[in-house]
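Visitor: I am attaching a structure below and will ask some questions about it afterwards.
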Amino acid sequence: MNRNAVASIPRASPGHRVAGTLSGLWYLFWKLVMSAFFKVLTRFTIEGREHEPERGPFIVAGNHASAADPLIIGAALRNRAAYMAKAELFSVPVVGPWLRSIGTFPVRRGQPDRAAIRHSLEVLASGGVLVMFPEGTRSPDGRLQDPEPGAAMLALRTGVTVLPIAVVNSHRAMPKGSALPRFQRVIVRFGRPLSVPKIEGKLDHQVLEEWGRRIMAEIAKLLPEDQKPKKP
């Protein structure tokens, strides 16, 4: 790159650099807190961490069996990541501001949310890491459910790598309705990154379904039998 090209790149102001540093330190603080918390209460262990890319952009696609899953995955990742959370949580005092402070953004479930899609694309375009749960909601029994199209759509639109992750036993460690984790062992398993082609223009429904199934199959490989999808 020549000097003129370098000179044309906008530089962050000192204020933005300081804000970014403070935001990063705040995220790191909560990552360390959550890591220690889950290690004490759930004997939290990580397998296959060598599969995590050194840096973004990439999408983390995980199973979703407990409200604790985003925190557990965040504690396991080396990279800083952005997360989606249901929009209702952002109206809860204390919880909403805290979620925003660690890089979480709202998504309206049950309908196309253009703002959430746009924010997701911005995260990936800036070289970030986006954590997604393709099932769209928590599994009622801990087993992997059928995917919604969101994760496959974003991967195909951007062509970024998908990193499959399985959170094992979180539905027993912190089942629905629990305020705190129980003393149950939780394992986070990283799978091999999945390369996804970038597709311009309209995405065919069958292509979305095919890639949704491929992503879920990679997650299923990492799960124990009692958390794999039910056989037809």
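Visitor: Restricting the search to the stretch 50-103, which residues are assigned to a helix (DSSP H, G or I) and among the hydrophobic types (A, V, I, L, M, F, W, C)?
Guide: Correct list: LEU71, ILE72, ILE73, ALA75, ALA76, ALA87, LEU89, PHE90, VAL95, TRP98, LEU99.
Visitor: On to the next question. Report, by residue number, each residue of the stretch 157-185 that is out of contact with any Leu (no Cβ under 9 Å at 6 or more places or on another chain), modelled with pLDDT of 90 or more and part of a loop (DSSP other than H, G, I, E, B).
Guide: Of everything in the stretch 157-185, those that are out of contact with any Leu (no Cβ under 9 Å at 6 or more places or on another chain), modelled with pLDDT of 90 or more and part of a loop (DSSP other than H, G, I, E, B) turn out to be GLY159, ASN169.
Visitor: Also, quick follow-up: Scanning the stretch 192-221 for residues that are in contact with a Lys or Arg (Cβ under 8 Å, 6 or more places away or on another chain) and more than 24 Å from SER139 (Cβ to Cβ), which turns out surrounded by the fewest Cβ atoms within 10 Å (Cβ to Cβ)?
Guide: LYS198
Visitor: Next question. Against the definition (at pLDDT below 90 and touching a strand residue (DSSP E or B) at 6+ places or on another chain (Cβ under 7 Å)), how does GLY62 come out, yes or no?
Guide: no
Visitor: Let me ask something additional. Among the residues in the stretch 53-61, are any of a type in the set (Gly, Ala, Ser) and surrounded by 17 or more Cβ atoms within 10 Å (Cβ to Cβ)?
Guide: Among the residues of the stretch 53-61, at least one is of a type in the set (Gly, Ala, Ser) and surrounded by 17 or more Cβ atoms within 10 Å (Cβ to Cβ), which makes the answer yes.
Visitor: Next up: Looking at the stretch 176-187, which of its residues are of a type outside the set (Gly, Ala, Ser), out of contact with any Ser or Thr (no Cβ under 7 Å at 6 or more places or on another chain) and surrounded by 11 or more Cβ atoms within 10 Å (Cβ to Cβ)?
Guide: Matches in the stretch 176-187: LYS176, ARG182.
The values are calculated or read from the model by the stated rules, or taken from the named source; none is laboratory data. Values in this document were obtained by computation on a predicted structure and should not be read as measured data. In this analysis, Cβ positions are derived from the backbone assuming ideal geometry, glycine residues included, and neighbour counts consider all displayed protein chains.
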